[in-house]
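Q: Quick one: structure below, then a few questions.
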Amino acid sequence: MTAELAACFVKRFPGGTAIEADFRQAIKAFSVTVLFGPSGCGKTTVLRCLAGLEKPELGSIRFGDEIWFDADRRIFRTPQERGIGYVAQDLALFPHMTVFGNIAYGLPWSQRKRERIAEMLDLCGLLGLEQRYPQQLSGGQQQRVALARALIRRPRLLLLDEPMSALDAVSREQLRHELRRLLTGFGIPVVFVTHDRGEAIALADQIVVMDRGQVQQTGTVFEVFNRPANVSVARLVGMETVISGRVTALQDGLAVVAVGNTSLLVAEPVAVGTEVYVCIRAADVVLQKAPFGSTSARNQLRGLIQSLTPDGPLVRVLVDCGFPLSALVTQLACREMALAPGDEVAALVKSPAIHLIVRN
Amino acid sequence: MDWTAFWLTMHLAIWTTVILLVLGLPLAYWLSVSRIPGKFLIEAVVALPLVLPPTVLGFYLLVGLGPNSPLGRAYEAVTGSTLPFTFGGILVASVVANLPFAVRPFAAAFAAVDRRLEEASWCLGVSRLATFFRVTLPLSWPGVVTGMILTFVHTVGEFGVVLMIGGNIPGVTRTLSIAIYDDVQALNYAAANQTALVLLAFSFAVLCLTYALGQRRLPV
């Protein structure tokens, strides 16, 4: 048998909701599979099934040669038997134990060596905090304690459920890279649950996109973010503009797609007559105010600004250019161009930046 | 002060508490985590001694443990003696009558423990039993102690059930509260007052302890 984690199962809940999982992951070396999807899509349930905290109704979970769960053969391994590390979203640190007690908790008495725990404390940047209680730590420190507690047992598979959701945005971004660096050293497969796009991009080797209880697409970061398999994936990965169109012609290897009352040139080979969804990332749209200069962008769409919505350091601009198109510009650019609702602008979109999803 | 009755009562209360600790902890834990449909039935049975008149409970225990019942016959076959009107008899009665006083606080304390902490422990390779002793119990001990204290005090003050099944045999089944009743019947108010005062002070002290404990929070 191949050395992989193969999860293919269905977990049903009273009331009719069903969560389906179907993905594989190599387990020989370090790699990260990110379960990505909106809140309530069933990512956590999938992780809990992998941990053995939930028992699916159908299917199987195999880890290398071991069968962790098989509905037909009535096999179910408990969490204790699976040899995993699991960090829940709320971290679940034991409030009545110190940092030292928490980290040493899962070790058998014979392995509770001070040096081993000190080494882990050092690795996770927790030296000097051994005698603190979890409530006396910052969010980032708590997260590292939970990680250390799971890693010190040398698990064969690490399951992380949005471990950074309790942190502020700045620490999250810092910790992402630290986390990947830390985990690389352990050489174990990781399944990581998140609804945060940035986190998924920064950490994933493989992304499993979930929506409404089902796996929508599995692939590399590049595949999923640049070539979403369907409309719901496109929306999830941040293709703000997803609109239906029809391929009307092929021109110099480019597809001409009729959208609304305009047409776009797209660098994707799709047969004429095909009904498609046109996906455009807002960050790939450049806005220009009159006088309109020349540009290398194949698509120059004239339209009126419908609305401006501040979004952090950026401004989300909705332009009606025959179809509603979402664009992102910086606050500064927005001020310099004095963009206001009702203004006429040109939206520039390069043809390779547009992705087509064939409608079925 | 009837010291024989005093020591007998202490004996009864300690044994009742110990037995209910052993039986009550697993039962209470099961009640707090189980999600089976018929759970309310068990909960109702456990709470029944709370609302039943002691005479009703005592009557059924007397019938149920008597030499004419299957249970009574089985006990007689094994030990060669009968349960009613013995110390063993009032101990069984006292355990049944105190079931809710132990199990309900235990179960409430367990229910307040975050299940995710137990799950985290299981995922760290620690068995369910070890998890109970290393995570659940340390986080719920005030509730467990409360249940034990309530059981102890309630046993000391128990009257009706003990009288029904144990009668009034000095040194065997005559507890403090029965001694008081006896003294009053004999118009020996001075002796009754003495015993009653001791019981009153004792109960008050223990309740103070319980509530003080309830106010304490976990460290940090």
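Q: With the Cα gyration tensor of region B:103-220 in hand, convert its eigenvalues to equivalent ellipsoid semi-axes via √(5λ) and list them largest first in whole Å.
A: Semi-axes (√(5λ), whole Å): 42, 17, 9.
Q: Let me spell out the model: positive unit charges on the Cβ of Lys and Arg, negative unit charges on the Cβ of Asp and Glu, origin at the Cα centre of region B:3-216. What dipole size does that give, in debye rounded to 20?
A: Taking the Cα centre of region B:3-216 as origin, the dipole is about 540 debye.
Q: When only C-alpha pairs under 8 Å and at least 6 residues apart count, what is the relative contact order of chain B, in percent?
A: Relative contact order for chain B comes out at 30 percent.
Q: Against the longest alpha carbon principal axis of chain B, how many degrees, from 0 to 90 and to the nearest 10, is the axis of helix B:87-111 turned?
A: In chain B, helix B:87-111 runs at an angle near 30 degrees to the longest axis.
Q: Express the C-alpha Rg of region A:1-137 as a ratio against the empirical globular expectation 2.2 N^0.38 Å, rounded to two decimals.
A: Computed over Cα atoms of region A:1-137, the ratio equals 1.25.
Q: Which FRET efficiency value, to the nearest 0.05, do you get for residue B:190 and residue B:48 by plugging their Cβ-Cβ distance into 1/(1 + (r/R0)^6) with R0 = 35 Å?
A: Between residue B:190 and residue B:48 the formula returns 0.35.
Q: Moving on. Counting other Cβ atoms within 10 Å, keep those with at most 11, restrict to DSSP loop, and tell me which trypsin sites (Lys or Arg not before Pro) in region A:2-82 are left. Provide the component values of the computation, followed by the final result.
A: Numbers: sites: A:11, A:12, A:24, A:28, A:43, A:48, A:62, A:73, A:74, A:77, A:82; in loops: A:28, A:73, A:74, A:77.
Here the trypsin sites (Lys or Arg not before Pro) that fit, given the DSSP loop and packing criteria, are A:73, A:74.
Q: Which value, in debye to the nearest 20, gives the size of the charge dipole of region A:141-255 about its Cα centre, when Lys and Arg are +1 and Asp and Glu are -1 at the Cβ?
A: The calculation lands at about 460 debye.
Q: Under a Cβ-Cβ cut-off of 11 Å, what is the net charge of the residues other than residue B:139 that fall near it, where Lys and Arg count +1 and Asp and Glu count -1?
A: Every neighbour counted, the sum reads -1.
Q: Give me the base-10 log of I(q)/I(0) for the protein assembly as shown at each q in 0.09, 0.13 Å⁻¹, Debye formula, one uniform scatterer per Cα, rounded to two decimals.
A: Rounded to two decimals, the profile gives -0.87, -1.24.
Q: Same structure again: Counting only helical runs of four or more DSSP H residues, what would the 222 nm mean residue ellipticity of chain A come to if each run contributes -39,500 (n - 2.57) and the total is spread over all its residues?
A: After summing the helix terms and dividing by the residues of chain A, the value is -6500 deg cm²/dmol.
Q: Sum -39500 (n - 2.57) across every DSSP H segment of at least 4 residues in chain B, then divide by the residue count to get the 222 nm mean residue ellipticity, nearest 500.
A: The helix contribution divided over chain B gives -25500 deg cm²/dmol.
Q: Here's a follow-up. Tell me the relative contact order for chain A as a rounded percent, counting alpha carbon contacts under 8 Å between residues six or more apart.
A: That works out to 15 percent.
Q: With springs connecting C-alpha atoms under 10 Å apart, model chain B as a Gaussian network and identify which of B:68, B:193, B:168 has the largest mean-square fluctuation.
A: In this elastic network of chain B, the residue with the biggest mean-square fluctuation among B:68, B:193, B:168 is B:68.
Q: Another one. If you take every residue apart from residue A:37 with its C-beta less than 13 Å away from the C-beta of residue A:37, what net charge results, scoring Lys and Arg +1 and Asp and Glu -1?
A: Values: positive: A:43, A:197, A:212, A:235; negative: A:20, A:161, A:162, A:196, A:199, A:211.
Result for the local shell: -2.
Q: Could you tell me which trypsin sites (Lys or Arg not before Pro) in region A:120-176 are loop residues by DSSP with no more than 12 other beta carbons within 10 angstrom of their beta carbon?
A: Passing both the DSSP loop test and the Cβ count: no residue.
Q: With only Lys, Arg, Asp and Glu charged, each at its Cβ (+1 for the first two, -1 for the last two), find how big the charge dipole of region A:82-137 is about the Cα centre; round to the nearest 20 debye.
A: 200 debye
Q: Which of A:125, A:157, A:141 sits closest to the plus end of the dipole of region A:113-176, meaning its Cα is farthest towards the positive end, when Lys and Arg get +1 and Asp and Glu get -1 on the C-beta?
A: Most positive-ward Cα: A:157.
Q: Can I ask one more? Pairing the Cα long axis of helix B:54-65 with the longest principal axis of chain B, what angle in degrees results, from 0 to 90 and rounded to the nearest 10?
A: Roughly 90 degrees, rounded to the nearest 10.
Q: In a Debye calculation with equal point scatterers on the alpha-carbon sites of region B:48-127 and no solvent, what is log10 I(q)/I(0) at q = 0.17 Å⁻¹?
A: -0.73
Q: Of B:149, B:125, B:60, whose Cα points farthest to the positive end of the dipole of region B:3-216 (charges on the beta-carbon: +1 Lys, Arg; -1 Asp, Glu; origin at the Cα centre)?
A: Selected residue: B:125.
Q: Further, regarding this structure: In peptide B:110-118, how many Cβ atoms from other protein chains are near each Cβ within 10 Å, on average?
A: Across the residues of B:110-118, the mean count of other-chain Cβ atoms within 10 Å is 2.
Q: Calculate the length of the line joining the C-alpha centroid of region A:236-313 to that of region B:66-91, in whole Å.
A: Answer, in whole Å: 90.
Q: Which of the trypsin sites (Lys or Arg not before Pro) found in region B:10-113 are in a DSSP loop and have at most 10 neighbouring Cβ atoms, other than their own, within 10 Å?
A: Details: sites: B:35, B:39, B:73; in loops: B:35.
When the trypsin sites (Lys or Arg not before Pro) of region B:10-113 are filtered for loop state and at most 10 Cβ neighbours within 10 Å, B:35 remain.
Q: Additional query: Straight-line reach from residue A:43: which lysines have Cα under 21 Å away, leaving out those fewer than 8 places along the same chain?
A: Straight-distance partners of residue A:43: A:11, A:55.
Q: Separate question: Can you give me the angle between helix B:137-157 and the longest principal axis of chain B, using Cα atoms only, in degrees from 0 to 90, rounded to the nearest 10?
A: 10 degrees
Q: Now, a different point. Which residue fluctuates the most in chain A, going by a Gaussian network model with Cα springs under 10 Å, if the choices are A:161, A:252, A:284?
A: In the Gaussian network model the winner is A:252.
Q: Please report, in cubic angstrom per residue, the volume enclosed by the convex hull of the alpha-carbon atoms of region B:3-216.
A: That works out to 141 Å³ per residue.
Q: Distance from a point 7 Å along Cα→Cβ of residue B:85 to each backbone N in region B:167-193: keep the residues under 19 Å and list them by number.
A: Only B:167-175, B:178-179, B:182 pass the distance filter.
All of the numbers you see were taken from the coordinates with simple rules; none came from a lab. Since we're looking at a predicted model, the values are computed, not measured. Every residue, glycine as well, gets a Cβ built from its backbone with ideal geometry; the counts of neighbours run over all protein chains shown.
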